[in-house]
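All of the numbers you see were taken from the coordinates with simple rules; none came from a lab. Every value quoted in this text rests on a predicted model; they were computed, and no experiment measured them. Note: ideal-geometry Cβ built from the backbone for every residue, glycine included; neighbour counts use all protein chains shown.
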Amino acid sequence: MIEEIIMSEEKRSYRKRLTSHGLIYLAGEELEITVKNLSITGLLAELDINKVIMDVDDLFHAIEQSVTIDLYLPEMRLAGEADVVRAENSDGQVVLALEFRNLSYDVNNLLYQRKAYRKLMTASGEISLNGGNYQFLTQNVSVDGLMIHLKEHIIVNEGKVTTFDFQRLKLNGEVEVIWIEHEEDGSTLMGLQYVKMMKKHIQGVPRFLSTPPS
């Protein structure tokens with residue numbers, strides 16, 4: 001379906017009418033939406049009835065800090081971030097116009113393999129390795145773990161359990177090194193999995209669980 005839109009000669013103005021379902025992450029909750037039309041740059045959707053966002057005032061309150069929200073469209077295999085650019089009440093529904101920011105395509109298999117959505121996020125934290133403390137920058141985060149970048153060349157075994165502190169999401173505790181890669185510039189990438197964390201209560205990161213691909 002997304003291929004039809006990309007192949008349209010009027011890429012920026014053409015909007016394909018459809019009825020599809022998805023999820024957005026808003027006010028700390030995963031909320032269902034019904035997509036009404038879709039273009040290469042964004043979509044128009046109705047927010048399904050819920051107890052969190054009941055009208056436009058609730059929506060505006062939820063996006064006071066940032067208009068950027070997380071989005072998952074399983075039928076179109078899309079996930080990532082979008083900006084709320086317009087909202088209005090219509091026949092008892094909240095109608096949203098979203099503009100895409102960072103999207104990944106064909107995410108269903110990745111979500112099925114990884115078990116949870118990975119949110120792009122760049123923020124600093126600290127991790128203890130080899131008897132010292134190192135500053136890192138996150139590349140992405142999920143409710144199960146995070147991917148980090150360290151400017152130093154770090155040698156550590158996969159399976160190593162250590163402590164970390166990530167103030168952006170107010171997280172600290174123990175993590176396990178799941179994988180490690182060394183870059184040509186001497187820096188290090190690591191995939192970490194939480195060991196002692198209240199994973200279900202990480203505020204600001206959705207899970208967006210995927211069903212197995214057919």
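Dipole of segment 119-201 computed with +1 at Lys/Arg Cβ and -1 at Asp/Glu Cβ about the Cα centre; of A123, L169, Q139, farthest Cα towards the positive end is L169. The value of relative contact order for segment 119-201, using C-alpha pairs under 8 Å at least six residues apart, is 27 percent.
Across segment 162-183, the residues whose backbone nitrogen lies under 18 Å from the label position 7 Å along the beta-carbon direction of A123 are 164-175. Neighbour counting of Cβ atoms within 10 Å sorts the residues F136, F60, F166, fewest neighbours leading, into F60, F166, F136. Summarising the label geometry, the points placed 7 Å from Cα in the beta-carbon direction at N133 and H149 lie 2.3 nm from one another. Modelled this way, with points 7 Å down the Cα-to-C-beta line, the labels at S104 and E181 are 1.2 nm from one another.
Each principal axis of the Cα atoms in segment 125-199 has its own extent, and those three values, largest first, are 35, 21, 19 angstrom.
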